[in-house]
Amino acid sequence: PRVFFSHLCFRHLPLQVLEKKVKVVHLTRNPKDTFVSLFVHLSEMTNEMGYSGTWDQFFQVMLEWGFWHGNYFDHLLDWEREIEAHPNLPTFVSSYEDMKRDPV
């Protein structure tokens with residue numbers, strides 16, 4: 001595929017990413033904003049994927065275990081390690097906040 005979107009840790013990406021030196025765009029977001037956004041999103045869902053607990057409970061879960069893709073901070077550290085370990089892989093790193101500030 002020309003474009004591959006993923007929330008996976010780098011180590012779980014297909015091996016072809018490294019073999020073919022696929023261009024990678026890695027976007028990050030402020031953890032507080034990420035947690036609040038996910039909490040609101042899940043709280044508004046009415047199906048089995050929805051969340052009905054409190055913000056304090058959700059925050060504790062996010063800090064201790066993470067969510068669908070594991071611990072948020074472990075995820076960021078995994079990407080940071082792998083980007084450093086593969087300096088020849090064309091990787092662009094940016095943040096959601098930077099993109100909002102300067103969308104062009």
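When +1 charges are put on Lys and Arg Cβ atoms and -1 charges on Asp and Glu Cβ atoms, the dipole computed for the chain relative to its Cα centre reaches about 500 debye. The angle between the Cα long axis of helix 31-44 and the main principal axis of the chain comes to about 50°, on a 0 to 90 degree scale. On a per residue basis, the chain carries 78 Å² of accessible surface, using protein heavy atoms and a 1.4 Å probe. Which residue, Met62, Pro90, Phe73, has the largest displacement toward the positive end of the dipole of the chain when charges sit on each Cβ (Lys, Arg +1; Asp, Glu -1)? Among Met62, Pro90, Phe73, the one farthest towards the positive end of the dipole of the chain is Pro90.
Could you look at the chain and say what percent of its accessible area is carbon and sulfur, using a 1.4 Å probe and all protein chains? Don't skip to the end; give the middle numbers.
Values: 4690 of 8090 Å².
Result for the chain: 58 percent of the exposed heavy-atom area is carbon or sulfur.
Please pull out the direction-averaged projected area of region 6-61, using the convex hull of its alpha-carbon atoms, in nm² to one decimal place.
Working: hull surface 21.3 nm².
That works out to 5.3 nm², a quarter of the Cα hull's surface.
Computed per residue of the chain from DSSP H runs no shorter than four, each worth -39500 (n - 2.57), the mean residue ellipticity at 222 nm is -13500 deg cm²/dmol.
Taken over the chain, the convex hull of the Cα atoms encloses 137 Å³ per residue.
The values are calculated or read from the model by the stated rules, or taken from the named source; none is laboratory data. Given the structure is predicted, the values throughout are model-derived calculations rather than measurements. Cβ sites come from the backbone with ideal geometry, for glycine too, and all protein chains shown count toward neighbours. Protein only, heavy atoms only, side chains kept; ligands, DNA and RNA dropped before computing areas. Shrake-Rupley method; radii C 1.70, N 1.55, O 1.52, S 1.80 Å.
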